[in-house]
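To keep things clear, I will list the structure first and then write my remarks on it.
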Amino acid sequence: MRCLSVLLCAALAVSGAPAVAAPAAPGALGAPAAAAPLADHHQYVYSPAAAAFMSSAGAERVLVQPVSARDLIPQLDAAGIERAALLSVAYVYGQPLRSAGAEYARVRAENDWAARQAAEFPGRLVALCSVDPLKDYALAELARCAASPEFGRGIKLQPAAGGVQLDDPEQVERLRRVFRSANARGMAIVLQLGETGTREARLLIDQLLSQAPDVPVQVAYSGERQAAAQLAALAVLADAAARHDPRMRQVWVDVTAFARPGLSAADARRLVRRLRQVGMERVLYGSDAVVGADIRPREAWAAFRRLPLTDAETARVANNVMSYLR
């Protein structure tokens, strides 16, 4: 995808937390301080080949429909969102339950397909390539994407999808190598974690963040399951941020998995507490494409607006924009 020269409506400084008013009552929606976020940091496109592969392989057997940029743009328009990051799903070809022949060729093809989708709307979309960080070809694909002007300055990693074992030093070292390579090439890291909770979050802080000290790390969680494990993991990151751990300096929290329709009032209060610890200047909005569910950007943003945030906090998140989308 193309590294765009068009600036977003405003280039936002992240020089410190804004003044925050007293918290709203739990569950209060508040006045419409921000009609829509400037950017959606978590959207996917699925090529016909990837959709067919994901539908036919693995234990879940979920029917996945192709999603193109032309499918996504009307959804962004309905939500009033101008810009979006398109995250490639090329990493799925490395999943143990979805093995396929010519694996790396398929990974390259899916990343390039996502790049072509973003190129159709160069003022609005930026594509980030993806790769399973445990694969032997991971560093080569990262380097290829970093060298191509068709891609934004970032890479999507989802190590849990590849079956990473946190107790395996060799696998952890592979992750560390990918972090170092992304840092050397100035590529932001979009890291989507699974449900191992606190252990995974501590691994991130203790062993990975030090390998990429100069680039933003956007931490997201998978959104299909219960919130408890993910909130526990977020608590580890939030506590580290509250302690001013220097390793958290470049960490941003992607709320895609959390701000969903159906989030309980108690979990919403827990989430807001943790986001305040992280700092609203480090919280990113994302909608996600949920396979098998009808959650569009408009509905996802409405769900975020139902969190018990102040108007100032909601507006701050709506105006936060990651470097690869500016």
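Remarks
- In the range 241-309, the portion of solvent-accessible area held by carbon and sulfur atoms comes to 47 percent [1.4 Å probe, whole percent, DNA, RNA and ligands not counted].
- Panel values: the range 227-285, Kirkwood radius from alpha carbon pairs, Stokes-Einstein at 4 °C and 1.567 mPa s, translational diffusion coefficient 112 µm²/s.
- Equivalent ellipsoid dimensions for the range 233-326 as semi-axes, Å, which come from the Cα gyration tensor, largest first: 22, 16, 13
- All alpha carbon pair distances within the range 128-277 were sorted into 10 Å bins beginning at 0; the resulting P(r) in whole percents reads 11, 42, 34, 12, 1.
- Hull volume in cubic angstrom per residue (convex hull over the Cα atoms of the range 116-217): 102 Å³
- Taken along the Cα-to-beta-carbon direction at a fixed 7 Å, the label points for Thr198 and Asp239 span 0.6 nm.
- Tyr285 accessible area, assembled protein chains, probe 1.4 Å, Å²: 0 Å²
The values are calculated or read from the model by the stated rules, or taken from the named source; none is laboratory data. Remember, it's a predicted structure, so these values are computed and weren't measured experimentally. Please note: Cβ atoms are built from the backbone with ideal geometry, for glycine as well, and neighbour counts cover all protein chains shown. Just so you know, the surface numbers come from the protein's heavy atoms only, side chains and all, with ligands and any DNA or RNA stripped out. Shrake-Rupley method; radii C 1.70, N 1.55, O 1.52, S 1.80 Å.
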